[in-house]
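See below for the structure under consideration.
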Amino acid sequence: MSSQGNVVTSRQSLKLDLPPSCIEFCPAHPRYFIVGTYNLQRDEPQANTNSDSSDDQSLSDETSQRNQKQTRSGTLVIFEVDSEGTISEKQVASQPSAVLDLHFCPLPGWQDILAVVSSTGTLAIFRLDPETNASSPLQHLATSTISDVPEGVLFLSCAWHPGQPNIIAITTSTGEVRLVLLDDARKIADGGHGALITHTLEAWTVAFAPLSMDLPSAGDVHSAVTVFSGGDDSALRYTSLGSADVEPDRPVFQALHPPIKMGGHEAGVTAILPTSCQLKDGAHVVITGSYDDYIRVSAIQPLNSVLGTRRPRCLAELYLGGGVWRLKLIMTETEQDIWKATILASCMHAGARIAKVVGSLDGENWTATVLSRFEEHQSMNYGSDFLPGTGNDILVCVSTSFYDRLLCLWESTLD
């Protein structure tokens with residue numbers, strides 16, 4: 001294996017009708033995955049969008065061009081990977097606006113519930129149920145907006161709370177991180193009364209820490225969890241979130257500490273992967289990706305134990321050859337105080353990478369290396385995921401690219 005990892009090739013590739021912006025497998029029905037698409041239509045002559053499009057064009061450029069008269073539309077495309085490892089399309093659900101991010105709820109009993117955020121500032125909730133309706137397994141439940149978010153603001157990303165299935169974090173094109181509470185009909189009942197975290201430019205991504213990263217809060221505030229966000233301002237920002245039950249089933253969100261800004265990135269922060277790894281000094285390991293083509297492994301102290309007095313430190317970094325738009329955790333293991341993590345990175349114009357992070361729990365001798373790379377995409381790779389349950393011998397991955405509208409299935413060992 002070279003220092004840049006083994007090159008892998010596709011087993012199957014498909015051409016999509018519209019450019020893909022995001023993808024995720026369903027935990028409840030692990031052979032099904034959903035692709036969100038993004039179609040921009042301008043009144044002026046359309047730029048060339050074939051596979052020869054310049055890498056200078058990107059989804060981030062288009063989401064920033066709000067002053068041009070334009071419309072966006074999209075679809076949710078449901079696929080199945082059969083037992084032979086072949087992809088087949090099951091359903092195409094047209095959407096009134098472009099899809100910018102989607103995620104299934106991670107909590108048991110809710111893992112068939114999908115959150116989708118759009119270019120018109122909407123949050124849509126769906127259920128995936130192939131057992132009830134195999135030909136149209138995706139069922140729309142609700143679509144809603146945040147009442148005090150102005151028209152024209154895009155919702156750029158979303159993340160489910162790790163402990164409560166009715167709380168979702170959303171980032172906006174105006175740099176805000178908002179927390180929303182869903183009612184029983186899966187509509188937004190509470191938009192969080194303002195921004196939890198604010199960036200000076202677009203807030204590209206948001207992530208909750210695993211609940212194990214946080215200590216119980218004191219007094220009447222409970223369910224503390226750290227929220228991380230990344231913005232086009234090159235900043236990683238984070239705070240601890242708590243809630244107080246003022247009314248039954250209607251918690252009020254509150255930041256337990258002022259948001260902390262972490263530097264060290266040379267461009268926008270576009271991917272955040274908090275982990276459950278805790279070092280011996282109490283710091284937790286957080287992996288980030290940036291437009292500057294690097295992933296960085298950082299040690300960050302819990303806010304509610306040191307109140308941010310100890311600065312985060314970089315344990316390792318790795319150049320991946322393209323802007324790191326998304327990160328997915330494949331697996332972790334700990335053996336004799338050595339922690340290992342395998343991750344899947346969507347690297348925009350460089351394709352997809354599988355990387356391994358290894359380090360000692362004493363905070364020393366951390367490294368990050370590329371295991372394999374998939375480079376058949378001819379334009380921006382904004383979304384990749386892997387088939388749940390694979391990886392012990394062979395990991396099955398699906399990745400996408402934007403302007404050439406390509407979807408590829410490929411396999412890799414993790415050695």
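The values are calculated or read from the model by the stated rules, or taken from the named source; none is laboratory data. Note that the structure is predicted; figures quoted are calculated from it, not measured. Ideal geometry is used to build each Cβ from the backbone, glycine not excepted, and the neighbour counts take in all protein chains shown.
Kindly check whether there is at least one residue in the stretch 366-388 that is farther than 25 Å from K261 by Cβ, free of Cβ contacts under 8 Å to residues at least 60 places away in the same chain and of a type in the set (D, E). Please lay out each step first, then the result.
Here is the first cut: in the stretch 366-388, the residues farther than 25 Å from K261 by Cβ are 367, 369-388.
With the extra rule that they be free of Cβ contacts under 8 Å to residues at least 60 places away in the same chain, the set shrinks to 367, 377, 381.
Of the ones still in play, those that are also of a type in the set (D, E) are none.
Checked against the condition, which is being farther than 25 Å from K261 by Cβ, free of Cβ contacts under 8 Å to residues at least 60 places away in the same chain and of a type in the set (D, E), the stretch 366-388 yields no hits at all.
Please verify whether L128 is closer than 18 Å to F208 by Cβ and in contact with a Cys (Cβ under 8 Å, 6 or more places away or on another chain), treating the condition exactly as stated.
Details: closer than 18 Å to F208 by Cβ: no; in contact with a Cys (Cβ under 8 Å, 6 or more places away or on another chain): yes.
No.
Just one of (1) buried (at least 20 other Cβ atoms within 10 Å of the Cβ); (2) on the phi < 0 side of the Ramachandran plot trips up R186, so point out which.
(2)
For the stretch 388-415, which positions are in contact with a Pro (Cβ under 7 Å, 6 or more places away or on another chain) and on the phi < 0 side of the Ramachandran plot? Can you show your working first?
Keep residues of the stretch 388-415 that are in contact with a Pro (Cβ under 7 Å, 6 or more places away or on another chain), which gives 388-389, 400, 402-403, 405, 407.
Listed by number, the residues that qualify are P388, T400, F402, Y403, L407.
Are there any pairs, at least 6 apart or on different chains, whose C-beta atoms fall under 9 Å, with the first in the stretch 260-288 and without any contact (Cβ under 8 Å) to a residue 40 or more places away in the chain and within 28 Å of I338 (Cβ to Cβ) and the second among the acidic types (D, E) and part of a loop (DSSP other than H, G, I, E, B), and if so, which?
The qualifying pairs are H265/D292.
Residues in the stretch 348-359: is at least one crowded, with 23+ Cβ neighbours inside 10 Å, touching a residue at least 40 places away in the same chain (Cβ under 8 Å), of a type outside the set (A, V, I, L, M, F, W, C) and under 23 Å from L18 (Cβ atoms)? Steps first, please.
So in the stretch 348-359, the residues crowded, with 23+ Cβ neighbours inside 10 Å come out as 348, 351-355, 357, 359.
Imposing the further condition that a residue be touching a residue at least 40 places away in the same chain (Cβ under 8 Å) reduces the set to 348, 351-355, 357, 359.
Checking which are of a type outside the set (A, V, I, L, M, F, W, C) leaves us with 351, 353, 359.
Right, trim to under 23 Å from L18 (Cβ atoms) and you get 351.
Within the stretch 348-359 (the criterion being crowded, with 23+ Cβ neighbours inside 10 Å, touching a residue at least 40 places away in the same chain (Cβ under 8 Å), of a type outside the set (A, V, I, L, M, F, W, C) and under 23 Å from L18 (Cβ atoms)), the answer is yes, since at least one residue qualifies.
Taking the stretch 46-95 as the search range and keeping residues that are modelled with pLDDT of 95 or more and part of a loop (DSSP other than H, G, I, E, B), which one is surrounded by the most Cβ atoms within 10 Å (Cβ to Cβ)?
T86
Go through the stretch 96-115 and give me each residue that's surrounded by fewer than 21 Cβ atoms within 10 Å (Cβ to Cβ) and part of a strand (DSSP E or B).
Listed by number, the list holds a single entry, H103.
Quick one: would you say G363 is more than 16 Å from the chain's Cα centre (by Cα) and surrounded by 15 or more Cβ atoms within 10 Å (Cβ to Cβ)? Give the steps one after another, and end with the answer.
On the way: more than 16 Å from the chain's Cα centre (by Cα): yes; surrounded by 15 or more Cβ atoms within 10 Å (Cβ to Cβ): yes.
When the stated conditions are applied, G363 passes them.
Quick check on this structure: which one of T132, T122 is under 26 Å from S384 (Cα atoms) and either among the hydroxyl-bearing types (S, T, Y) or without any contact (Cβ under 8 Å) to a residue 60 or more places away in the chain (or both)? Spell out how you get there, then give the answer.
Working: T132 fails: under 26 Å from S384 (Cα atoms).
The match here is T122.
If you take the residues of the stretch 286-303 that are assigned to a loop (DSSP other than H, G, I, E, B) and modelled with pLDDT of 95 or more, which of them is nearest to K356 (Cα to Cα)? Before the answer, list the steps.
Filtering the stretch 286-303 for residues assigned to a loop (DSSP other than H, G, I, E, B) gives 291-293, 301-302.
Pick out the ones that are also modelled with pLDDT of 95 or more and you get 291-293.
Working: Y291: 20, D292: 19, D293: 16 Å.
Only one residue fits best here, namely D293.
Here is a yes/no grid of residues against (1) charged (D, E, K, R); (2) closer than 20 Å to A189 by Cβ; (3) buried (at least 18 other Cβ atoms within 10 Å of the Cβ):
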| residue | (1), (2), (3) |
| --- | --- |
| L128 | no, no, yes |
| S135 | no, no, no |
| L138 | no, no, yes |
| L141 | no, yes, no |
| E151 | yes, no, no |
| W160 | no, yes, yes |
| Q164 | no, yes, no |
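List every residue pair whose Cβ atoms sit under 6 Å apart, with the two residues 6 or more apart in sequence or on different chains, where the first one lies in the stretch 15-30 and is surrounded by 19 or more Cβ atoms within 10 Å (Cβ to Cβ) and the second, anywhere, is part of a loop (DSSP other than H, G, I, E, B) and aromatic (F, W, Y).
P19/Y38; P19/F402; S21/Y38; S21/Y382
Tell me which residues, restricted to the stretch 358-399, are under 13 Å from K328 (Cα atoms), hydroxyl-bearing (S, T, Y) and outside any strand (DSSP E or B).
The one that is under 13 Å from K328 (Cα atoms), hydroxyl-bearing (S, T, Y) and outside any strand (DSSP E or B): Y382.
Of the conditions (1) out of contact with any Cys (no Cβ under 6 Å at 6 or more places or on another chain); (2) surrounded by fewer than 23 Cβ atoms within 10 Å (Cβ to Cβ), W410 clears all except one; give me its number.
Unmet for W410, out of (1) out of contact with any Cys (no Cβ under 6 Å at 6 or more places or on another chain); (2) surrounded by fewer than 23 Cβ atoms within 10 Å (Cβ to Cβ): (1).
Go through the stretch 10-36 and give me each residue that's among the basic types (K, R) and touching a His at 6+ places or on another chain (Cβ under 7 Å). Can you show your working first?
Step one: list which residues in the stretch 10-36 are among the basic types (K, R), which gives 11, 15, 31.
None - no residue of the stretch 10-36 is among the basic types (K, R) and touching a His at 6+ places or on another chain (Cβ under 7 Å), so the list stays empty.
Kindly indicate whether any position in the stretch 336-348 is out of contact with any helix residue (DSSP H, G or I) (no Cβ under 7 Å at 6 or more places or on another chain), acidic (D, E) and either in a strand (DSSP E or B) or over 21 Å from Q12 (Cβ atoms) (or both). Show your work before the answer.
Initial filter on the stretch 336-348 (out of contact with any helix residue (DSSP H, G or I) (no Cβ under 7 Å at 6 or more places or on another chain)): 336-348.
Then keep just the ones that are acidic (D, E); that gives 337.
Next cut, either in a strand (DSSP E or B) or over 21 Å from Q12 (Cβ atoms) (or both) only: 337.
Checking the stretch 336-348: at least one residue is out of contact with any helix residue (DSSP H, G or I) (no Cβ under 7 Å at 6 or more places or on another chain), acidic (D, E) and either in a strand (DSSP E or B) or over 21 Å from Q12 (Cβ atoms) (or both).
Show the residue pairs meeting these rules: Cβ distance below 8 Å; 6+ apart or different chains; first residue within the stretch 226-238 and without any contact (Cβ under 8 Å) to a residue 40 or more places away in the chain; second residue surrounded by 24 or more Cβ atoms within 10 Å (Cβ to Cβ).
A235/H199; A235/V269
Return yes when Q336 is surrounded by fewer than 24 Cβ atoms within 10 Å (Cβ to Cβ), without any contact (Cβ under 8 Å) to a residue 24 or more places away in the chain and under 30 Å from G242 (Cβ atoms) and no when it is not. If you could, list the steps in order and put the result at the bottom.
On the way: surrounded by fewer than 24 Cβ atoms within 10 Å (Cβ to Cβ): yes; without any contact (Cβ under 8 Å) to a residue 24 or more places away in the chain: yes; under 30 Å from G242 (Cβ atoms): no.
Answer is no for this residue.
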